[in-house]
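S.K.: Here you go, one structure.
The values are calculated or read from the model by the stated rules, or taken from the named source; none is laboratory data. Bear in mind the structure is a predicted one, so any value in this text is a computation, not a measurement. Heavy atoms of the whole protein, side chains included, go into the accessibility calculation; ligands, DNA and RNA do not. Shrake-Rupley method; radii C 1.70, N 1.55, O 1.52, S 1.80 Å.
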Amino acid sequence: MLGRLNHVALAVPDLQAAIRTYEATLGATVSVPQPLPEHGVTVAFVDLPNTRIELLEPLGTASPIAAFLAKNPKGGMHHLCYEVADLATAAAHLARNGARVLGDGRPKIGAHGRPVIFIHPGDMVGTLIELEEV
Ligand code: CO
């Protein structure tokens, strides 16, 4: 069911500071930050030869990463995103195997303009998992 690793997401308290770390300290190329009000985050992507790192900063008062940053004030790994060919097939497979999809279970449009779902970390060896249809 799983395809490539699409990205690893890091929640960060200060996006400009995180971009400086990746650009200056690590010598990486980072995209221009993009506010996504409907997701409650501002996002920037670090381009790597084999995948991307998604830097997420809270946006607005009800950000879904606010609680994570309250527990991890310096930031940290928030989720992994794997590619799938068909989200409906993947969601049905997850349901048959007892894995909980977050929210109402329906795909939302993610940061790359493609449908995504998130799987409960309690069913995924302690890690929040995003599936993106590509
Ligand atoms: Co993501």
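S.K.: For the chain, what is the accessible area per residue in Å², given a 1.4 Å probe and the full set of protein chains?
M.R.: Normalised by residue count, the accessible surface of the chain is 56 Å².
S.K.: Binning every alpha carbon pair distance of the chain at 10 Å from zero, what are the percents per bin?
M.R.: Once binned at 10 Å, the Cα pair distances of the chain give 12, 43, 34, 10, 1.
S.K.: Only helical DSSP H runs with n ≥ 4 go in: add -39500 (n - 2.57) per run for the chain, normalise by residue count and round the 222 nm mean residue ellipticity to 500 deg cm²/dmol.
M.R.: -4000 deg cm²/dmol, from helical runs alone.
S.K.: Now for a separate question. How big is D, in µm² s⁻¹, for region 1-45 by Stokes-Einstein at 4 °C and 1.567 mPa s if Rh is the Kirkwood radius over C-alpha pairs?
M.R.: Here the translational diffusion coefficient equals 108 µm²/s.
S.K.: Helix 87-96 against the longest principal axis of the chain: what's the angle in degrees, Cα atoms only, rounded to the nearest 10?
M.R.: 60 degrees
S.K.: In whole percent, and with a 1.4 Å probe on the protein chains, what portion of the accessible area of region 8-134 is carbon and sulfur?
M.R.: So the carbon and sulfur contribution to the accessible surface is 57 percent.
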